[in-house]
Amino acid sequence: MPTLRTVDAPSCPDDGVVVRVRATGVCRSDWHAWKGHDPVALPHVPGHELAGVVDVVGPEVSRWRPGDRVTVPFVCGCGRCEYCRSGQAQVCPHQTQPGFTGPGSFADLVPVRAADTNLVRLPDQVDFVTAASLGCRFATAFRALTAHGRVGRGDWLAVHGCGGVGLSAVMVGVALGARVVAVDVSPAALGRARELGAEVAVDASAVSDVGAELVAHTGGGAQVSVDALGSPATAVASVHSLRPRGRHVQVGLLLGPSSTPPLPMDQVVAKELEIYGSHGMAAADYPAMLELVADGTLRPDMLVGEVIGLERAGAALSAMDRPASSAGMTVVEIPT
Ligand SMILES: [Zn+2]
Ligand SMILES: [Zn+2]
């Protein structure tokens with residue numbers, strides 16, 4: 001069981017900052033690291049979905065001052081390569097990830113490298129718990145649907161898997177004016193998707209061919225389909241849900257050797273489908289999303305279940321040994 005201990009305060013990188021953590025999401029990715037599916041160096045501080053206040057600023061940082069309210073993408077770019085310089089830090093080959101490649105945010109203080117590239121200023125209207133709930137899932141869902149899926153008003157959007165990232169995709173899709181079909185095997189998850197505005201809910205365990213079922217429900221297939229779970233079956237079903245010229249976005253991680261989906265490339269050719277992978281969202285793309293959070297168009301706070309203290313973070317991680325419930329995400333809040 002992860003335990004709360006006193007450790008040395010992190011040193012501040014020359015090009016980075018140390019953030020005083022005010023809230024941090026508990027995510028299944030942390031659980032994967034703890035379980036050894038995504039190995040980290042031990043002892044280790046997990047946590048990558050953070051919001052807080054800049055505490056210490058390195059000498060090479062020009063855009064940030066102590067006291068600034070910030071969040072940070074889970075993928076932090078190096079700040080120097082061609083991808084970072086063009087606003088695509090989410091695929092930086094030299095990326096760091098708090099809570100994986102270094103100490104994370106289940107702590108009072110967390111270091112962030114390349115602060116001028118990676119920090120995101122929080123609008124005054126967005127509180128720390130809500131900002132932490134953007135985490136990896138909500139921001140990833142937002143970018144999957146806007147940058148890759150290019151979801152338009154009236155489009156059919158299929159969401160395969162209604163866990164945290166899937167329900168985020170349902171909410172973002174509805175806000176963008178899409179007609180959402182939610183797919184899961186859990187009645188509770190499908191019920192939650194309905195509450196968030198999904199027009200159709202399909203229980204994948206009750207139909208023999210999910211793709212064909214969705215093509216029937218959408219009058220010929222969805223314009224955009226997202227695999228928010230990350231399994232060969234859901235990835236393939238997602239591609240089969242599309243109408244000609246449709247776009248599949250792979251958001252769920254496919255971890256492990258048996259997880260490469262046998263994608264129907266014949267369908268990709270015949271229907272001119274587009275296949276995308278989405279890996280988080282760079283800091284450069286956050287302002288457009290935060291604007292919609294600040295004005296209430298997007299309500300990530302509705303996806304928050306429990307808010308707990310740091311002393312309960314270890315227990316919250318170990319609770320993920322059980323399958324996800326639809327109770328919403330857990331956020332750790334650290335008072336001043
Ligand atoms: Zn880079
Ligand atoms: Zn996460």
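If you check 172, 210 for being of a type in the set (Val, Ile, Thr), touching a helix residue (DSSP H, G or I) at 6+ places or on another chain (Cβ under 7 Å), open to solvent by 10 Å² or more (accessible area, probe 1.4 Å) and touching a residue at least 40 places away in the same chain (Cβ under 8 Å), only one passes: 210. Within the stretch 45-74, the residues that satisfy the criterion of being within 16 Å of ligand 2 (Cβ to nearest atom), in a loop (DSSP other than H, G, I, E, B), at pLDDT 95 or above and closer than 17 Å to residue 285 by Cβ are 72, 73.
Filter the stretch 20-44 for residues that are assigned to a loop (DSSP other than H, G, I, E, B) and within 15 Å of ligand 2 (Cβ to nearest atom) and give the result. 27, 37, 38, 40, listed by residue number.
Looking across the stretch 231-264, the residues that are surrounded by 15 or more Cβ atoms within 10 Å (Cβ to Cβ) and either in a loop (DSSP other than H, G, I, E, B) or at pLDDT below 90 (or both) come down to 231, 241, 251, 252, 253, 254, 261, 263, 264. Among residues of the stretch 73-89 that are free of Cβ contacts under 8 Å to residues at least 24 places away in the same chain, those with a beta-carbon under 8 Å from a residue that is within 8 Å of ligand 1 (Cβ to nearest atom) at least six positions away or on a different chain give the pairs 81/92; 81/93; 81/94; 83/77; 83/89; 83/92; 83/93. Of the residues that make up the stretch 130-151, is at least one surrounded by fewer than 24 Cβ atoms within 10 Å (Cβ to Cβ) and small (Gly, Ala, Ser)? Yes: one or more hits. Residues that are of a type in the set (D, E, K, R), under 23 Å from residue 278 (Cα atoms) and surrounded by fewer than 19 Cβ atoms within 10 Å (Cβ to Cβ) within the stretch 82-115 comprise 82, 85, listed in sequence order.
The values are calculated or read from the model by the stated rules, or taken from the named source; none is laboratory data. It should be emphasised that the depicted structure is a prediction, and the values quoted were computed from it without experimental measurement. Note that we place each Cβ from the backbone using ideal geometry, even for glycine, and neighbour counts take in every protein chain shown. The area values use the complete protein model at the heavy-atom level, side chains included, leaving out ligands, DNA and RNA. Shrake-Rupley method; radii C 1.70, N 1.55, O 1.52, S 1.80 Å.
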